[in-house]
Every structure is written in C-alpha cells, then in structure tokens.
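Worksheet: the structure to be examined is printed underneath.
Read-outs: derived from the displayed coordinates by stated rules, not from any lab. Every value quoted in this text rests on a predicted model; they were computed, and no experiment measured them. Because the Cβ atoms are built from the backbone with ideal geometry, glycine has one as well, and the counts that use them run over all protein chains shown.
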Amino acid sequence: MDSRGQGDFARDSQGRPILDRYGRPVRARRQATQRPAPPRRASPPADSTRIFPAQPGPAAPRQQFPPQQMPPRPQNQPGPQAYQHPGHVGHVPQELPQVVNTQGPPPRQRRALPRIRLRPRGCLGSLFTMFAVILVLVGVVTLWADSQLNRVDATPETRVSNTAGTNWLLVGSDSRQGLSEEDIARLGTGGDIGVGRTDTIMVLHIPRSGEPTLLSIPRDSYVNIPGWGMDKINAAFTVGGPELLAQTVEESTGLRVDHYAEIGMGGLASMVDAVGGVEMCPAEPIQDPLANLDIQAGCQEFDGATALGYVRTRATAMGDLDRVVRQREFFSSLLNTATSPGTLLNPFRVFPMIGDAVGTFTVGEGDHVWHLARLALAMRGGTQTETVPIATFADYDVGNVVIWDDYAAEELFSSLR
C-alpha cells in the first residue's frame, strides 16, 4: 500500500513508481486470495534497472538497502518523484501528448438519395406507354406527310395590307397529270391538258372568333389581271400560276392571302375513296356524259369518280353558279368526313388518305401539313357560305364572262377584312 493511501503501484528496482505513456502510475494487480510471498531472491546485479514479477500478482516488495549500501545518485539525475493525486493540493497536471491529424478531416459520407421511379406501374403504366407510342407515331406520320406535300411560290410580288383573320386561297386544278389511262376512263376527265387551268377558286376566311366564311369566286369572273389587263380570273392561273392568281385575288377582293392550297382531279378522287366516300344530297337528278355522271335526287354515298363528276358538271339550269354551290357543299362534306373519329381512328382509312391524297396537294412554300389540319378543324364547327354577288353575264373578246355587282361585292369583302 502506498504511503499516501492511494493503493499499490508497480515500482522499479529503485522504488520509483512505473508510469504509463501518459505519465500516470501503473497500479499493481491484486489477487483474490493472499498468496504466500515467494522466497527472497538474491540481490539483483548492479546493472539491473527493473524487477518484473514472474507471474501476475502483487508487486514485488520494495527492496531495502542499508544507508551505507545505497548507490550514489548522479548530480544531474533527479530523484524519485512522489505521485501526486489529481485532487492533491499542489498537483501540477502533466500535459498529455497531442495527436495531430495530418490527413485532414475524414470525408463525409454522402447520403444516398432514394431513387425516383418516373415510370408508373400497373394499368397506369400501360396507358402511359400506349400514349407515348401514339405521340411518337403521330409525330413521325406528321413529319412524313409534310415532306410529301408539293410546294410552289404562291406569294404575290405586290401585296395588299394585312387584313383581319386568316385567309386561305383554295384552288381545284383540272390537271390530269399522274392519271393512268384507266383512271382517265373511270373519272371521265379526258386527255392530259397540263396544269394550265383551274375549275375551282375559293377563299376561306377564318376569323379570330366566330364561324369561318367560305367564299366562292366563279372562274369566269371578269377582273383585272396585273400586267395582263381584263380577263377571266382563271386566266391568271394559266399565264402566271399560283403567284399571279393570288395577286389577282388580293387586288380584286382586298383580302390578303395568307395560305395557298391546291388539289388536282386525281388527288380529289383518291381522297374521297380513302375516307370511304362522302354523303351528298343533290336536289335534282343530273346526267352528264362529259363528266361521266348519272345520279338521282336525294342523299346518297358518292365514291371518288362520282364526287369528281358532281363538282365538275355544268349540266344544270344555272351552269357555273350551280357548280360553285355544289363545290362548297362537297368541300364541307369531305372535310367533315376526313376529320371524323371514324376516319382518324381507323388506320385502314387514315393512312391511305395520307398516302394517296397528301402527295397530290400543292401548298405555298411556307405552308405545312399542320396548317391544313387547322383549316379542316376550323370548318368542322360549321361555315358560312357565300358567292361573289353577280350583276350580269356578258360576252367579250375572251368569251362569256361573269360581271360582279360592285356595290354588293365590296360590302361583302369589307365584312371580311
């Protein structure tokens, strides 16, 4: 037991407490039972510095030296220091060695974020996948159809000021190009006469609000053709193509042409057949061998050949004026059928319609298939139909022509500007 009552400590051969690496005295192990002290050994040699017990147990008893046998202490070596308890007065705490971290702070463990599943499961996932496939398919078909359109320069050199709404110039060409001998015989169109004439001229006015107006312009209307003088309006198409026709329509009506669309005879018949036919309701029977037409009065289904003869024939009492009425009726019925769910949701109809009809369309350089789709959708809600007011017919050097009622025509055009 230490003289200060602090317990037994291990000591070296000189009686000094054995310290650990922090400078604290090491306590001697105690035995559960007191064992007899081992026999005293011979004095250690003079060069011995420590005495280690042979087995764990109490520290070896301090060896006593007579005063005359104590070895002299070197002058520069301090004597044994008595252990001072931390609570003892006058205790000077010893500084512990400082551990310096030369590698910096340990890296922070980044918390793994939970994975977010964007793909829904179950029935909702199947619907999402099907919807995505449909969107991709619609996008691919739209871009392909747009690439199949024929484009021409239909922008007039001299233009009128901007007018309200959007105006389409719709032209039905009597071109036989692309028709086989069998098609010519079936449709009753006669031989190929090139692309020099137009049987149908209409202006579709789409206002910002309200119903669109489909305005028919008789092809024999006697108007001024810029650079050519007075002539039938369809002569502008013959001598100058879509560009001169658009300029003539603008100067005659004061309406700015924003878009241009043209379809030939073969394209019109193919489109009717692709949608499965259109329903028409003629008020009287019509027989016209030149148009290969023989129909009865009343509502009935027209195929492509019958529909083409119906919009071309003049074999009625009012001739060309009756024809423009039938053309508007047919055009509205065709667009309603082409944009109906029964056509758009039926791949056996929509793909043949796109493949056979789109390639026969000719549009302006800045027009696309989505502009045509907007035109069709605008007409589904109903349209107002008008014909340029007629004053009289007259015979000139260019043939029999239609003379407009200037006052009534200007009033009609002003309502659309």
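Quick notes on this one:
- Spacing of the modelled spin labels on residue 13 and residue 284, each 7 Å from Cα toward Cβ, amounts to 14.7 nm.
- Take the Cβ atoms of residue 228 and residue 411, set R0 to 25 Å, and the FRET efficiency comes out at 0.35.
- Here the range 132-416 carries DSSP beta bridges of which approximately 70% are antiparallel, counting only pairs with both residues inside.
- Take the Kirkwood radius over Cα pairs of the range 132-416, plug it into Stokes-Einstein at 4 °C and 1.567 mPa s, and you get 66 µm²/s for translational diffusion.
- Taking the fewest neighbouring Cβ atoms within 10 Å as the starting point, the ordered list for 216, 147 is 147, 216.
- Extent of the range 195-261 along its three principal axes (Cα atoms, max minus min coordinate, largest first): 37, 21, 18 Å.
- Sites residue 346 and residue 325 - FRET efficiency at Förster radius 51 Å, r taken between beta-carbons, to 0.05: 0.95
- Other residues lying with their Cβ under 14 Å from the Cβ of residue 162 contribute a combined charge of +2, Lys and Arg counting +1, Asp and Glu -1.
- Converting the Cα gyration tensor eigenvalues of the range 230-337 into ellipsoid dimensions via √(5λ) gives semi-axes, longest first, of 28, 17, 13 Å.
- Over all directions, the projected convex hull of the C-alpha atoms in the range 274-417 averages 11.4 nm² in area.
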